[in-house]
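Remarks on the structure that follows.
The values are calculated or read from the model by the stated rules, or taken from the named source; none is laboratory data. Treat the numbers as computed from the prediction; the structure is a model and nothing was measured. Here the Cβ positions follow ideal geometry from the backbone for every residue, glycine too, while neighbour counts run over all protein chains shown.
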Amino acid sequence: MSDSQFTPRVFSGMQPSGGLTLGNYLGALKRYVEMQNEGTYETIYCMVDLHAITVWQDPAELASKTRELAAAYIAAGVDPEKSILINQSQVPEHTQLAWIFNTVARMGWMQRMTQFKDKAGKNAQNASLGLFAYPALMAADILVYHATHVPVGDDQKQHLELTRDIATKFNHDYGVDFFPITEPVIKGAATRVMSLRDGSKKMSKSDTSDASRINMTDDADTIAKKIRKAKTDPEPLPSEYKGLDDRPEARNLVNIYAALADISVDQVLADHGGAQFGTFKPALAELAVEKLSPIASEMTRLLNDVPEIDRLLARGAEQAREITQPILKKTYEIVGMVGA
Ligand code: TYM
């Protein structure tokens, strides 16, 4: 099957279940903005509130985190005039298609999902059914737009493989060429930003240590302090990438630098090879503050006008439904549901 029958269309989303981290920004959000501005794609960006509630969320917090995430998208450069910006729950075709996909996805496929295993922890029997079915809803988020490309960090790779498996099985079972086989876009120096305290762990909003991550809302002093205190080793920076083998914390800081500066890792090492962390860390802190502070202040400004954010989301949902309603209708026809 060729994807050429499909409009080049990008979909991606983030959970409004905590503040955004530098990992979310460098691994995904920065790419959202680039793909929007390339002009090649229609772009749709989502706050996945229905995914967030697969683990308990305080309702008032969920509402404010959703608006905060919308503000972060816009502050980072997602332009509601160029991209469709939506809150997942407001476009009901996502969940309608997800039900169909619940009947396509196999138990065995879902049981292999490492994020379910990580999130459910030792007490999987007590996890919500929604947490288990999470990846089928994610496949529906993407395929209800016939999205062809999905920019994400490395940790979403398995979910995107499942999305492709669901599309393939649906097309095969119903003998159609209806859903595209979506391409993940996992690109750049920082597809997996690691914790500042432990180079073997992903930087995450759910880490109990705030020092392990840079939050998009951290002020300049906090960013500088966290970078100064980041775990490193006593060696100076190498001049070549292979010199970072077995030095996960050093590699992480170099990757972050490259991604923030929009230069290659080789370039960072050409410029800073031989430097001690005592010199490199302040340079990184300065760069991080330069890139992140304007986003944080723009977020604060946008959050002063909550009705405007809500208005943008309502408009986004209307625009989205122009795409999702015909695709869901056609899906129902393919499946044999009458009355549409
Ligand atoms: P979420 O909310 O965990 O993360 C949002 C995006 O940020 C990326 N990311 C990272 N990238 C690099 N380094 C890190 N340390 C790091 N931490 C997070 C994630 O890869 C992701 O791209 N299941 C998704 C949300 C989702 C979705 C979708 C994504 C729901 N439906 C459809 C794409 C398409 C999630 O939980 O992302």
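Of the set (1) near the ligand (Cβ under 9 Å from one of its atoms); (2) in the same structural domain as Thr114 (by TED's automatic domain parsing); (3) touching a residue at least 60 places away in the same chain (Cβ under 8 Å), all apply to Asp173 but (1). The criterion of at least 2 residues that are under 22 Å from the mean Cα position of the chain (by Cα) is met by the following helices (runs of 4 or more DSSP H) wholly inside the range 193-297: 248-261. Screening the range 118-162 for residues that are among the polar types (S, T, N, Q) and more than 8 Å from the ligand (Cβ to nearest atom) and picking the one that is nearest to Ile186 (Cα to Cα) gives Gln158. Given the residues Glu290, Glu298, Glu333, which is the only one that is under 30 Å from His146 (Cα atoms), at pLDDT 95 or above and surrounded by fewer than 19 Cβ atoms within 10 Å (Cβ to Cβ)? Residue meeting the stated conditions: Glu333. Anything in the range 185-224 that is touching a Leu at 6+ places or on another chain (Cβ under 6 Å) and more than 9 Å from the ligand (Cβ to nearest atom)? List them, or say none. Ser212, Ile214, Met216, listed by residue number.
If only residues of the range 203-249 that are among the small types (Gly, Ala, Ser) and touching a residue at least 40 places away in the same chain (Cβ under 8 Å) are counted, the one that is surrounded by the fewest Cβ atoms within 10 Å (Cβ to Cβ) is Ser206.
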